[in-house]
Every structure is written in C-alpha cells, then in structure tokens.
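Participant: Starting off with a structure, shown below.
The values are calculated or read from the model by the stated rules, or taken from the named source; none is laboratory data. Quantities reported herein were computed from a predicted structural model and do not represent experimental measurements. All Cβ positions, even for glycine, are placed from backbone atoms using ideal geometry, and neighbour counts span all protein chains on display.
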Amino acid sequence: MSEAEKDRSMLLQKEMLAAHYERLEAAPETREPVVYTFVPGNLTELIRAFGALPVLPEINALQSAMRGKSQAYIAAAEKAGHSEDVCSYVKCDIGMSTAGNVGPTGTRLPKPDLLLLSYTGCYTFMKWFELLREQYGCPTVFLQVPYQADGSQTPVQRSYVARQIRETLIPTLEKATGRRYDEERLRENLARSAAAEEDLVAVLQSAKKMPSPIDAYFGAVYYVGPIFSAFRGTAEGVAYYRALREEVEERAARGEGPATPAGRLDRQKWRLVVEGPPNWTHFRDFWRMFAEEEAVVVASTYSKVGGTYDFGFRHDPSDPLGTLADYCSGCYTNRNLPSRVEMLERYVEEYRADGFLIHSVKSCNSFSAGQLTILREVERRTGVPGAFIESDLVDARYFSAANLKNRLESYFQMLEARRAGSGT
Amino acid sequence: MSCFVGIDLGSTTTKAVVLDENGEILGRGITNSRSNYDLAADVARTEAFVSARFRILERAVERAAGSAALGRLLRAFRLEQMLVQLGRLQARIEEEVERAVRPDRRRAASEKVREIFQSLRAEEERRLDDPDPPARSDFFRDAAGSAYARLAQEIADPTGVTFDLLIGLYDTCIVPVENEPIELGFREHIGKALVRAGGQAQVRPSVEAAATAGLEASATVGTGYGRARLPFPKEQIRSEILCHGLGAHVLFPGTRTVLDIGGQDTKAIQVDARGIVTSFQMNDRCAAGCGRYLGYIADEMNLGLHELGPLALSGRRPIRISSTCTVFAGAELRERLSLGQKREDILAGLHRAVILRAMSLLARSGGIEDEFTFTGGVARNPAAVRALEELVAENYGPRRINISGDSIYTGALGAAHFARRGAMA
C-alpha cells in the first residue's frame with residue numbers, strides 16, 4: 001500500500017508506535033520503569049498507574065516479521081538450541097534479544113524491571129518468561145487466571161484473581177517501580193480504557209453494514225494495535241479511537257469499503273468470518289489473496305485476543321480490581337471450545353457472512369487445538385461452509401503462497417457455485 | 001459441430017477432454033506436463049481433437065457397418081505421429097553427436113544411433129500389424145525412451161560407444177524435442193495413415209467427412225496446477241476441486257464424496273446431488289502420500305510405476321510403515337529390505353500408509369458418504385484401491401466405491417462440463 005492509500009488512522013498509529021518505541025529506548029535515561037507483559041490479559045492500566053512503560057514481546061515479534069526481520073531472529077534462536085517446533089513468536093523474540101534487543105522500528109529496547117505474566121490460557125507464555133528471566137535476571141510475577149472451562153467466570157474465580165492483583169501484583173509493582181500504588185490514577189486509566197473500548201466496538205461492528213467500511217481481520221489488526229499493546233488507558237489511545245471511529249463512520253456514510261493492498265474494496269462479493277491469527281511474514285500478500293477475490297472479513301476472533309468487548313464488557317472504574325479480573329477471564333485465549341464455537345456462530349449470523357475461514361497456525365497450539373472441531377460445529381450450526389488453511393505466525397518457511405492461493409481460490413469458487421446453485 | 005473443451009494442467013500429466021453438444025465425450029488427450037505447461041496444454045488439446053475426429057469417424061463407420069478397419073487406421077495414424085517425433089529426436093541426437101562426442105568416437109556413435117533408430121522405426125511398424133499391440137506409456141518420452149534404452153543396451157560397446165554415452169545423448173535431447181511445438185493433428189497425418197493402412201476405400205469418404213467436420217470449441221475451461229498459465233480469462237479458469245467434484249458427479253451421478261489422489265496433492269471433496277462442492281480438504285505443507293510418493297518408491301525399487309500395485313497386492317503380511325514422509329519412506333524401505341522382509345509385504349504397507357493419509361483428509365472434509373468415488377492417477381493402482389476398500393469398510397461401514405478406468409480425466413471432464421454449463425446458461 002502506498003502512503004496515499006493508507007487511512008489517516010494508520011498514519012496516526014505509526015506515529016504513536018514510533019513515539020512509544022523512542023520513549024522505551026530513552027527509558028534507561030528518563031528512569032521510566034519497564035514492565036514486559038503479553039497481549040492477552042495485559043494489565044496496561046495498572047502498569048501505567050505506576051508510571052511504568054509496557055513492552056509486549058509478541059508485538060515486537062509480529063512487527064519484526066512485518067518488516068522482514070523475523071527469519072534471521074528465528075535462525076539465531078534455533079542456533080541457540082530452540083527446536084523448529086517451538087512457537088515462532090518466542091524464537092523471534094529470543095533471537096531479537098540476543099541480537100542486541102533492537103526493536104522492530106530500529107530503536108533499542110530497554111531491559112525489563114519486571115516480567116508480569118498474566119496467565120490467560122497460553123502455557124508457552126510461561127516458558128517464554130522463564131527464558132527471559134534467565135536472560136535478564138529480573139523479578140517475575142505471575143497472575144493465575146482460571147481457565148473458563150465452563151464458559152463463564154464464577155464469583156470465587158473473580159475474587160481469586162482480584163485478590164492476587166491486590167496482594168501480589170501491586171506490592172511487586174511497587175517494589176519494581178519504586179512507586180506507591182495510586183488507585184485514583186488506575187481509575188482514571190480505566191475510564192479512558194472504557195471510552196476507547198466504546199469507540200473500538202463501534203468500529204468493529206460497523207462491519208455489519210453492507211458494504212462493510214472495514215476489514216475486520218486484516219484491517220482490524222491495525223485497529224486493535226493500540227488497545228492491545230501499550231495504549232489502553234492512555235489519552236493517546238482515546239484520541240486514536242475517536243479519530244478512527246470518525247474515519248470509519250465517514251467511510252460508511254459514503255458507502256465505501258476499506259483500503260486494502262489491492263485498492264479500495266467497495267465491491268464486496270464475499271463476507272467472511274475468520275478464526276485464528278494471521279500470518280505476519282506475508283501479511284500483505286495474504287490480505288491481497290482475499291481482496292483480489294473481493295472478499296472482506298466482517299468479523300474475526302483474532303481481533304479479540306487482547307480483550308473481548310463486543311459482547312458488552314467495558315473496563316469499569318468503579319471496581320478497579322474486579323474489572324481487571326473480568327477482563328482477564330474473558331480473553332479469547334482463556335475461553336473454552338464451546339464458547340469459541342458460539343462466538344463464531346454469532347459472528348456468522350449477526351454479520352451475515354457467506355463463509356468462514358480458519359487460518360490454523362503451526363506454532364500455536366493454544367489456538368490450533370480443536371479448530372477442526374470448531375469448523376465442523378460452526379458449519380453444522382450455521383449451514384455456512386467453512387475453509388481451513390495453514391501457515392505460521394512469523395516463520396516464513398511455513399507460508400506456502402501457491403498452496404494457500406490454490407485453497408482460497410477453490411474455496412471462493414465453491415462459494416460461487418453454491419450461490420449460483422441456490423439461486424440467490 | 002460446436003464442442004466444449006476442458007483442460008487439466010496437472011503437475012505430472014496434462015489432460016484434455018472434448019464434449020459434444022449433448023455432453024457426450026467426443027475425445028480425450030493426455031501428455032506429460034514436462035516443464036512447459038503451454039506446450040503440454042497444446043499437445044493434450046490436439047490429442048483430444050484427434051481422438052474426437054476418430055470418434056466422429058467411428059460413429060460414421062458404425063452406421064456404415066465397417067468398423068473393423070478402423071483399428072488399423074488408428075494404429076497407422078499413431079505410427080505416423082510416432083515417426084515424425086522419432087525423426088526429430090534422431091536429428092537432434094545426431095547434431096548432439098557432432099557437438100559433444102569425442103572426434104575419434106563420432107563416427108561409431110553416429111552409426112549406433114542410426115542403428116537404434118532404424119530398429120525403433122521397425123518396431124513401430126510392426127505394431128501396425130498387431131491388432132493388440134503390447135501396452136506402453138502414452139507419453140513419447142517414456143515409450144521411445146524405454147525402447148531406446150533397451151536397444152542401446154544391446155548394441156553398446158563397453159570399450160567404445162558405451163551405454164552411458166548413448167543414454168546421455170537421449171537424456172540431453174529428449175527435453176528440447178519434447179518442448180518443440182509439433183503438428184500432431186488429424187489432418188496432418190490422416191492422409192498418410194490411410195495410405196499406410198491400405199485397403200480403406202470403404203472408409204475414405206467418412207475419413208474425408210471426419211477431417212473436414214467443423215469442430216468448433218465454443219467454450220474452454222482450464223483447471224489444475226498450471227491453470228494460471230492458460231491464456232484464458234479468469235472466468236474460464238476453475239479450481240481443480242470444483243472440476244473433480246463435477247467430473248466425479250458426471251461419471252457417477254450418485255457420488256457424494258470424492259477422493260482424488262494426484263501427483264502432488266490429495267483432495268477430499270464432498271458434493272451435493274448436482275455435483276456442486278459443499279466442502280473440501282487438501283493436503284497442506286506436505287505432499288507425502290501423493291502420486292509422486294509412489295513414483296519415488298518405484299524408482300527406489302527399480303520398478304515401473306505400473307508394476308508397484310500388482311506386486312503389493314501379492315503381499316500377504318503388510319508391514320506397518322511408520323513414516324509417510326517420502327524421503328524417509330525410501331530409507332525405511334531399504335532398512336526393511338536389509339532386514340530380509342519381502343518386497344511385496346513392504347509395498348503393501350506403503351500403499352496402506354498412502355491411504356491412511358487420505359483417510360485423515362477424508363475425515364477432515366466431513367467423512368465418507370455413499371456413493372464414494374475415487375479418482376486420480378493413484379486410483380489406477382490396484383493395491384491402493386484394495387487398501388482404500390479395507391479402510392473405508394473398517395471406518396465407515398459398507399460404501400459403494402466407484403472407480404472409473406478413465407478417472408485420470410476426471411478434472412478435465414469436470415472442466416469441460418463447466419465450459420458446457422457456462423455456454424448453455
């Protein structure tokens with residue numbers, strides 16, 4: 001995409017990210033504390049309430065991949081003894097840190113003062129931080145969020161998480177940052193989160209319109225960027241989501257589709273729901289395969305990994321620790337298979353999708369386990385045909401463009417034949 | 001007469017099917033895909049039109065009750081095509097002798113090459129008089145190549161013009177010869193074929209009619225791996241999934257599940273009562289268990305691909321093969337052989353391994369419904385078919401399993417029907 005084809009919001013986001021990485025680089029001088037944490041279940045409002053800056057290793061990995069840097073990092077990690085089968089996010093991050101910890105935008109990343117693991121369903125995250133702890137010799141704190149095996153959070157689970165935040169996380173953060181816990185500040189952050197979340201949901205739900213003014217997978221990756229990474233609860237975050245919402249609403253009013261690598265997608269032949277994270281090494285090529293077929297994604301589960309807001313959850317400043325517990329429990333990765341099926345079913349129906357697609361990722365078992373069951377079950381419930389394709393997150397060796405294109409073409413032609421056959 | 005053409009550019013072979021207005025098959029052609037998809041498509045299409053004209057001829061002669069002579073005429077036609085190609089190959093090899101063979105051996109090498117080609121032509125001519133000539137590969141490179149190798153072996157001189165030298169000449173020259181466009185059409189050769197076949201006075205008018213019959217392709221649809229190479233607009237390109245689904249439906253209208261095992265992929269397809277695909281799965285990331293896998297095993301065992309199945313069928317105690325990675329399977333094969341296990345038992349195990357992978361894809365695509373149609377090159381292999389029958393019965397109970405002798409054309413047939421449907425719509 002040339003600059004001219006990019007949305008204003010994308011340029012704004014680019015500036016925000018660049019500024020954040022610069023601030024991180026300067027952190028050792030400015031003495032701003034740094035907390036490493038992961039996207040699902042991230043407690044950015046709390047971290048920010050201590051004046052600390054968050055670093056999200058998987059965001060660095062995917063950003064590196066989008067800039068064509070992941071393969072060398074993965075090779076470095078494999079040379080250091082990590083198997084080909086290890087999560088490629090982990091290897092990319094390990095490779096990056098051994099190569100001088102230079103972030104995706106070319107600035108140096110600071111060492112962590114604390115590793116904060118909010119455990120929301122991904123076991124690999126735990127092993128990842130064990131490795132980083134070895135490397136940096138810094139303190140680690142572990143928030144245990146119970147898996148939603150029965151599909152919802154019980155009151156006991158909720159208070160269990162809130163108590164850990166109060167009794168373990170906060171004292172650890174106080175020690176690591178040298179600053180006192182300030183609940184007022186947390187409440188202010190949470191209020192800003194809720195405002196941004198409101199706008200994000202409006203943006204994501206705009207895809208219910210026909211034509212959709214957004215792509216809710218490839219495009220949404222950009223839309224969720226700030227809120228899933230370092231900007232939830234910040235003034236910049238609020239401003240970004242307000243601007244984004246206005247931009248999308250204007251587009252919707254003009255009846256226009258989103259910008260894509262194949263030009264603006266006004267003609268939308270296929271509306272799809274997508275499950276699973278995208279591939280980052282060939283992100284634009286992958287997107288183009290859809291756009292060229294005039295397929296727009298109207299809803300995706302991946303755009304919920306850092307928080308599921310479209311079913312009503314908003315951060316609530318009146319109950320700061322309880323609301324953080326709710327947030328962590330409700331993360332997509334912390335949900336059981338039936339809830340995931342239900343979510344996809346709702347998306348297919350509410351967004352009037354013609355099809356749904358599972359992009360299965362080789363190096364992520366958390367996501368991939370059970371996806372074939374999901375496929376069959378969603379097909380059964382909705383009568384909408386599913387497709388299944390495979391590649392990887394940031395390991396380019398597993399992205400076979402010819403095969404993916406072949407599968408997708410076959411799938412779109414199948415949809416076409418079915419549409420022609422049903423006379424609609 | 002207007003007709004409809006389907007072309008399937010597969011990774012191993014390229015197939016073409018010509019349909020008449022009623023959707024009846026008029027002609028079929030097949031060639032190896034070589035490295036030149038454009039030419040492969042041309043050759044397959046030309047062959048399909050040749051066979052279409054023979055079909056028209058056959059219909060005319062059937063009416064005139066004189067079809068006995070047709071077999072000989074067809075053989076004469078094939079002979080004419082073969083002689084043209086042998087002529088070109090010989091010319092190329094003789095040039096190569098001049099270019100690449102040591103000066104002191106050139107003369108001897110030229111003589112041996114001429115001797116080989118003389119025998120090749122004589123063998124071809126003998127096929128004309130044999131009403132039931134021995135089966136051989138459909139592809140020039142294989143048919144001519146195996147005869148050439150045999151003759152080279154017989155006349156090679158270990159101290160002068162060696163077997164290796166002669167085979168090297170063939171290997172160097174077959175690729176360019178195969179990739180030169182060549183006129184193999186009906187009109188080019190039917191005249192000579194008539195003369196050669198002799199005594200064809202009663203069919204001559206029908207031949208004339210068949211040669212001049214207007215056979216206009218009113219629509220063509222392409223499919224297969226090389227489909228993007230076809231000079232067709234996008235709407236004339238269909239994925240092989242859809243074409244195999246429709247092709248299987250045309251061959252066996254009761255089909256609900258299709259398994260296609262081709263050269264580099266395996267497809268499990270579910271179709272509805274109209275042959276429209278409702279769901280499909282293909283092998284991703286790895287092509288073990290496809291046709292090429294069997295080709296590799298055949299090479300490892302020094303067998304022809306067509307010999308593999310029958311040998312495996314004679315296995316009494318199939319050996320469990322743990323790996324279906326093509327390269328590792330070769331290693332496992334050698335290991336088993338060194339342990340003294342029987343070739344046929346190992347092969348039976350390998351065939352079962354191939355089908356086990358297909359079973360997993362079938363399960364992913366939604367299982368096996370009645371009727372179940374098996375297509376692709378591997379459906380010609382009797383051991384693969386037996387393994388499939390056993391595993392289907394074990395996993396899904398009784399199912400009607402359809403296999404057509406022409407299953408290799410399934411994709412092209414489906415493409416031709418898409419062309420026809422498109423034109424009729």
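Participant: Quick check on the range B:380-387. Is at least one of its residues more than 19 Å from the chain's Cα centre (by Cα), in a helix (DSSP H, G or I) and without any contact (Cβ under 8 Å) to a residue 12 or more places away in the chain?
Facilitator: Within the range B:380-387, not a single residue is more than 19 Å from the chain's Cα centre (by Cα), in a helix (DSSP H, G or I) and without any contact (Cβ under 8 Å) to a residue 12 or more places away in the chain.
Participant: Further, regarding this structure: Have a look at A:LEU408, A:LEU393 and point out the one that is buried (at least 20 other Cβ atoms within 10 Å of the Cβ), within 12 Å of another protein chain (Cβ to nearest Cβ) and under 24 Å from the mean Cα position of the chain (by Cα).
Facilitator: Exactly one residue qualifies, and that residue is A:LEU408.
Participant: Restricting the search to the range A:176-229, which residues are in a loop (DSSP other than H, G, I, E, B) and either buried (at least 23 other Cβ atoms within 10 Å of the Cβ) or among the aromatic types (Phe, Trp, Tyr) (or both)?
Facilitator: Listed by number, the residues that qualify are A:TYR181, A:SER212, A:PRO213, A:ILE214, A:ASP215, A:ALA216, A:TYR217, A:SER229.
Participant: If you don't mind, another one. Criterion first (assigned by TED's automatic domain parsing to the domain that holds A:GLY100, modelled with pLDDT under 95 and of a type outside the set (Val, Ile, Thr)) does A:SER152 satisfy it?
Facilitator: Yes; evaluated as a whole, the condition is true for this residue.
Participant: Follow-up. Does A:ILE214 meet the test of being within 24 Å of A:ALA61 (Cβ to Cβ) and out of contact with any strand residue (DSSP E or B) (no Cβ under 7 Å at 6 or more places or on another chain)? Before the answer, list the steps.
Facilitator: On the way: within 24 Å of A:ALA61 (Cβ to Cβ): no; out of contact with any strand residue (DSSP E or B) (no Cβ under 7 Å at 6 or more places or on another chain): yes.
No.
Participant: Identify, by number, the condition in (1) more than 14 Å from chain B (Cβ to nearest Cβ); (2) in contact (Cβ under 8 Å) with a residue 24 or more places away in the chain; (3) within 30 Å of A:GLU84 (Cβ to Cβ) that A:ALA369 doesn't meet.
Facilitator: Unmet condition: (2).
Participant: With respect to B:ALA416, determine if the residue is within 20 Å of the chain's Cα centre (by Cα), assigned by TED's automatic domain parsing to the domain that holds B:LEU305, in a helix (DSSP H, G or I) and buried (at least 21 other Cβ atoms within 10 Å of the Cβ).
Facilitator: no
Participant: Something else: In the range B:332-343, which residues are loosely packed, with under 15 Cβ neighbours inside 10 Å and either in a loop (DSSP other than H, G, I, E, B) or at pLDDT below 85 (or both)?
Facilitator: Across the range B:332-343, the qualifying residues are B:LEU339, B:GLY340.
Participant: Just for the range B:344-368: of the residues that are touching a strand residue (DSSP E or B) at 6+ places or on another chain (Cβ under 7 Å) and outside any helix (DSSP H, G or I), which one is nearest to B:LEU311 (Cα to Cα)?
Facilitator: B:ILE368
Participant: So, one more: So in the range A:303-325, with the set limited to residues that are aliphatic (A, V, I, L, M) and not in a loop (DSSP other than H, G, I, E, B), which one is farthest from A:ALA220 (Cα to Cα)?
Facilitator: Going through the qualifying residues, I end up with A:LEU321.
Participant: Next up: Name every residue in the range A:379-388 that is in contact with an Asp or Glu (Cβ under 9 Å, 6 or more places away or on another chain), closer than 30 Å to A:ALA65 by Cβ and more than 7 Å from chain B (Cβ to nearest Cβ), in order of residue number.
Facilitator: Of everything in the range A:379-388, just one residue is in contact with an Asp or Glu (Cβ under 9 Å, 6 or more places away or on another chain), closer than 30 Å to A:ALA65 by Cβ and more than 7 Å from chain B (Cβ to nearest Cβ), namely A:GLY386.
Participant: Consider B:GLY168 carefully, then state whether it is outside the structural domain of B:ALA109 (by TED's automatic domain parsing) and within 27 Å of the chain's Cα centre (by Cα). Full working, then the answer.
Facilitator: Working: outside the structural domain of B:ALA109 (by TED's automatic domain parsing): no; within 27 Å of the chain's Cα centre (by Cα): yes.
Taking the combined requirement at face value, the residue does not satisfy it.
Participant: While we're looking at this one, here's another question. Within the range B:93-107, can you find the residues that are in contact (Cβ under 8 Å) with a residue 40 or more places away in the chain and crowded, with 16+ Cβ neighbours inside 10 Å?
Facilitator: B:ILE93, B:GLU96, B:VAL97, B:VAL101, B:ARG105
Participant: A:ALA230 fails exactly one of the following numbered conditions: (1) more than 27 Å from A:LEU344 (Cα to Cα); (2) at pLDDT 95 or above; (3) of a type outside the set (Lys, Arg). What is the number of that condition?
Facilitator: Result: A:ALA230 passes all but (2).
Participant: Continuing with the same structure: Find the strands (runs of 3 or more DSSP E) located wholly in the range B:1-104 whose residues include 2 or more that are over 21 Å from B:ALA193 (Cβ atoms) and under 15 Å from the mean Cα position of the chain (by Cα), and list them.
Facilitator: B:2-9, B:13-19
Participant: OK, next. On the given criteria, is A:VAL348 away from chain B (no Cβ under 13 Å), farther than 30 Å from A:TYR181 by Cβ and surrounded by 20 or more Cβ atoms within 10 Å (Cβ to Cβ)?
Facilitator: Here the answer is yes, as A:VAL348 does meet what is asked.
Participant: Pick from the range B:270-305 the residues that are part of a strand (DSSP E or B) and at the interface with chain A (Cβ under 9 Å from one of its Cβ atoms): which of them is nearest to B:PHE252 (Cα to Cα)? Please lay out each step first, then the result.
Facilitator: Taking the range B:270-305 and keeping what is part of a strand (DSSP E or B), we get B:270-271, B:277-282.
In the following step, the residues that additionally are at the interface with chain A (Cβ under 9 Å from one of its Cβ atoms) were identified as B:277-282.
Working: B:VAL277: 15, B:THR278: 17, B:SER279: 18, B:PHE280: 18, B:GLN281: 21, B:MET282: 22 Å.
Among them, the one singled out is B:VAL277.
Participant: Could you list, in sequence order, all residues of the range B:146-186 that are exposed (fewer than 13 other Cβ atoms within 10 Å of the Cβ), without any contact (Cβ under 8 Å) to a residue 60 or more places away in the chain and touching a helix residue (DSSP H, G or I) at 6+ places or on another chain (Cβ under 7 Å)?
Facilitator: Within the range B:146-186, B:GLN153, B:GLY160 qualify.
Participant: Moving to a separate point now. I need the full set of residues from the range B:108-145 which are under 16 Å from B:GLU80 (Cβ atoms), of a type in the set (Lys, Arg) and surrounded by 14 or more Cβ atoms within 10 Å (Cβ to Cβ), in order please.
Facilitator: Passing the criteria: B:ARG121, B:ARG127.
Participant: Could I ask something else about it? Could you say whether any residue in the range B:310-317 is away from every other protein chain (no Cβ under 14 Å), at negative phi, crowded, with 24+ Cβ neighbours inside 10 Å and of a type outside the set (Lys, Arg)? Outline the logic, then answer.
Facilitator: The first filter runs over the range B:310-317 and keeps only residues away from every other protein chain (no Cβ under 14 Å), leaving B:310-317.
When the remaining residues are screened for being at negative phi, the result is B:310-317.
So of that shortlist, the ones also crowded, with 24+ Cβ neighbours inside 10 Å come out as B:312.
From what's left, of a type outside the set (Lys, Arg): B:312.
For the range B:310-317, residues away from every other protein chain (no Cβ under 14 Å), at negative phi, crowded, with 24+ Cβ neighbours inside 10 Å and of a type outside the set (Lys, Arg): present.
Participant: For the range A:414-424, enumerate the residues that are crowded, with 20+ Cβ neighbours inside 10 Å and at the interface with chain B (Cβ under 7 Å from one of its Cβ atoms).
Facilitator: Those that are crowded, with 20+ Cβ neighbours inside 10 Å and at the interface with chain B (Cβ under 7 Å from one of its Cβ atoms): A:MET414, A:ALA417.
Participant: Scanning the range A:365-390 for residues that are of a type in the set (Lys, Arg) and under 12 Å from B:SER279 (Cβ atoms), which turns out surrounded by the most Cβ atoms within 10 Å (Cβ to Cβ)?
Facilitator: A:ARG376
Per-residue answers, yes or no, for (1) charged (D, E, K, R); (2) in the same structural domain as A:LYS269 (by TED's automatic domain parsing); (3) within 19 Å of B:VAL271 (Cα to Cα); (4) in contact with a Leu (Cβ under 9 Å, 6 or more places away or on another chain):
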position	(1), (2), (3), (4)
A:THR373	no, yes, no, yes
A:VAL384	no, yes, yes, no
A:ILE389	no, yes, no, yes
A:ALA417	no, yes, yes, yes
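For (1) in contact (Cβ under 8 Å) with a residue 40 or more places away in the chain; (2) in a helix (DSSP H, G or I); (3) not β-branched (Val, Ile, Thr), each residue gets a yes or a no:
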| site | (1), (2), (3) |
| --- | --- |
| A:THR105 | yes, no, no |
| A:LEU115 | yes, no, yes |
| A:LEU131 | yes, yes, yes |
| A:ALA162 | yes, yes, yes |
| A:GLU167 | no, yes, yes |
| A:THR172 | yes, yes, no |
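Participant: Right, another one. Does A:SER400 fit the bill of being within 12 Å of chain B (Cβ to nearest Cβ), crowded, with 19+ Cβ neighbours inside 10 Å and modelled with pLDDT under 95?
Facilitator: no
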